[in-house]
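A.B. asks: My questions all concern the structure below.
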Amino acid sequence: MKYNKYTKNSILVSEIGLGAWQLGQNSGWKSMSESEAIQLVEKAFDFGINFFDTAPNYGHGSGEERLGKALKGKDRSQIVINTKFGHTHTGTLNFSSDYIRESLEGSLKRLQVDYVDSLIIHNPPSEYLDGHKNDHYEVLERLIEEGKIKAYGASIDTYDDMKLLMDTTNAEVIEAFFNILHQDAARAFDMAKAKEVGIIVKIPLDSGWLSGKYNAQTTFNDIRSRWSKEAIQTRATLVEKVKHLVGADKNLAQTAIAFCLAYDAVSTVIPGNVNIEQLTSNVRSANISISKDLKEKLENLYQTEIKALNLPW
């Protein structure tokens, strides 16, 4: 495992992290038992993973609770935890600055820790990202002073939102939607490096499409059922083009994760893992090197054929 810089006051983080949404009792996705969740975290430790990303709404709080149980007894100074604010454990949305402290206290209790390394606003409307117009960042600064968090930021999807956050706040963390089929966030990577903002890459496999296991005939009965037949056909066509560039002899999922790691601004990537087999495969991505030529070809594919499509999330 390789380790990268995250925030100014954080230890280095494993470039493959563990996204903890799947640890909870989730609706819309396959759930796992508590023992399976703890085993997954233990295996992550065996692989050298020290970065864990979670949120109050993952499994209505059970994701944080199970992660807390799995981390109990570990050396806290060697673990980096990122949690979120805005999507509540009851399934509602509350982005009010008055709710930040209450949300964090709930997360700390469920995680059984005294502090988190970062607290980020969870996919908020863009208007909440302007530090000149919101008092959220004053609250977050106080939480740093109190030692309850070490850094803050936001989970966002576009260059414009990333730039707004970095221009108007002291955010040190951005969780960015970035993968081969969605590269807009990369336009903000140089700015993030210059401002020493750690980048967490979310959805590196585009909700499973870049695993290569879906095609134009695939139907979904979970949260991905939101895609129309036309959207599925479009993605299937694009994935075939990606496969052609990557090569039939290469593991598409591992290459897709390695593509994200080819950017110096990226601190860690958090692919989904619903079992130890997937976790093992994802960790192996750290050992794959993307050639400059392939990286440029995948970037060109996005610029010439994908960008204008504005693919729905």
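A.B. asks: Averaging over every viewing direction, what projected area does the convex hull of the Cα atoms of region 274-313 cover, in nm²?
C.D. replies: 4.2 nm²
A.B. asks: Now a separate question. Would you mind ranking 32, 1, 162 so that the residue whose beta carbon has the fewest other beta carbons within 10 Å leads the list?
C.D. replies: With the fewest neighbours first, 32, 1, 162 line up as 1, 32, 162.
A.B. asks: Report, please, the projected area of region 178-286 averaged over directions, based on the convex hull of its C-alpha atoms, in nm².
C.D. replies: 7.5 nm²
A.B. asks: Could you derive backbone 3J(HN,Hα) for region 134-142 from the dihedral phi with the Karplus parameters 6.51, -1.76 and 1.60 (θ = phi - 60°), listing whole Hz in sequence and x where the residue is Gly or Pro?
C.D. replies: Along region 134-142, the couplings run 9, 8, 4, 6, 5, 4, 5, 5, 5 Hz.
A.B. asks: Could you line up 263, 58 from fewest to most neighbouring Cβ atoms inside 10 Å?
C.D. replies: 263, 58
A.B. asks: With a ≥ b ≥ c taken as the square roots of the eigenvalues of the C-alpha gyration tensor of region 62-169, please select rounded if a/c is under 1.5 and otherwise prolate if a/b is larger than b/c or oblate if it is not?
C.D. replies: Prolate shape, in that a/c is at least 1.5 and a/b is the bigger ratio.
A.B. asks: Quick one: order 313, 209 by neighbouring beta-carbon count within 10 Å, fewest to most.
C.D. replies: Exposure proxy ranking, most exposed first: 313, 209.
A.B. asks: Ok, one more. Sequence-distant or interchain residues sharing an amide H contact under 5 Å with residue 175, placed H: which?
C.D. replies: Sorted by chain and number, the residues that satisfy this are 154, 155, 156, 200.
A.B. asks: Could you tell me the extents of region 116-197's C-alpha atoms along the three principal axes, largest first, rounded to whole Å?
C.D. replies: Projected onto its principal axes, the Cα set of region 116-197 covers 40, 24, 22 Å.
A.B. asks: Another one. How large is ³J(HN,Hα), in whole Hz, for each residue of region 253-266 in order, when computed from phi with the Karplus curve 6.51 cos²θ - 1.76 cosθ + 1.60 and θ = phi - 60°, using x for Gly and Pro?
C.D. replies: Once θ is set to phi - 60°, the couplings for region 253-266 become 4, 5, 5, 5, 5, 5, 4, 5, 6, 6, 9, 4, 6, 6 Hz.
A.B. asks: Please list, in order along region 4-12, the HN-Hα scalar couplings obtained from phi with the Karplus expression 6.51 cos²θ - 1.76 cosθ + 1.60 (θ = phi - 60°), rounded to whole Hz, x for Gly and Pro.
C.D. replies: My calculation for region 4-12 gives 10, 5, 10, 10, 4, 10, 10, 5, 5 Hz in order.
A.B. asks: If you average the sequence gap of Cα pairs under 8 Å that are 6 or more apart and divide by the length of region 39-129, what percent do you get for the contact order?
C.D. replies: Averaging sequence separation for qualifying contacts and normalising by length gives 32 percent for region 39-129.
A.B. asks: Classify region 3-124 as rounded, prolate or oblate, taking a ≥ b ≥ c as the square roots of the eigenvalues of its Cα gyration tensor: rounded when a/c is under 1.5, otherwise prolate if a/b is larger than b/c and oblate if not.
C.D. replies: oblate
A.B. asks: Here is a follow-up. Nothing charged except the Cβ atoms of Lys and Arg (+1) and of Asp and Glu (-1): what's the magnitude of the dipole of the chain about its Cα centre? Round to the nearest 20 debye.
C.D. replies: Roughly 800 debye, rounded to the nearest 20.
A.B. asks: So, one more: Once R0 is set to 25 Å, what does the formula 1/(1 + (r/R0)^6) return for the Cβ-Cβ distance between residue 105 and residue 127, expressed as a FRET efficiency to the nearest 0.05?
C.D. replies: Computed FRET efficiency for residue 105 and residue 127 comes out at 0.50.
A.B. asks: Here's something else I'd like to know. Using alpha carbons only, what's the Rg to Rh ratio of the chain with Rh from Kirkwood?
C.D. replies: With Rh from the inverse mean 1/r over Cα pairs, Rg/Rh is 0.94.
A.B. asks: What pairs in 72/163; 202/241; 213/307; 163/292 have C-alpha atoms more than 30 Å from each other?
C.D. replies: Listed pairs above 30 Å: 72/163.
A.B. asks: Follow-up question, since we're still on this one. What percent antiparallel are the DSSP beta bridges of the chain, to the nearest 5?
C.D. replies: Bridges in the chain that DSSP calls antiparallel: roughly 10 percent.
A.B. asks: Also, quick follow-up: Suppose only helical runs count, i.e. DSSP H with n ≥ 4. What mean residue ellipticity at 222 nm does that imply for the chain under -39500 (n - 2.57) per run, divided by all residues and rounded to the nearest 500 deg cm²/dmol?
C.D. replies: So the helix-based figure for the chain works out to -10500 deg cm²/dmol.
A.B. asks: Still on this model: How long are the semi-axes of the ellipsoid equivalent to region 237-313, from square roots of 5 times the Cα gyration tensor eigenvalues, in whole Å, largest first?
C.D. replies: Output for region 237-313: semi-axes of 21, 15, 14 Å.
A.B. asks: Continuing with the same structure: If amide H atoms are built 1.01 Å from N in the plane of the peptide, which residues on other chains or at least 5 residues away come under 5 Å of the amide H of residue 61?
C.D. replies: none
No value in this document is a laboratory result; all are computed from the given coordinates. Keep in mind that what you see is a predicted model, and the values were worked out from it rather than measured. Cβ atoms come from the backbone with ideal geometry, glycine included; neighbour counts cover every protein chain shown.
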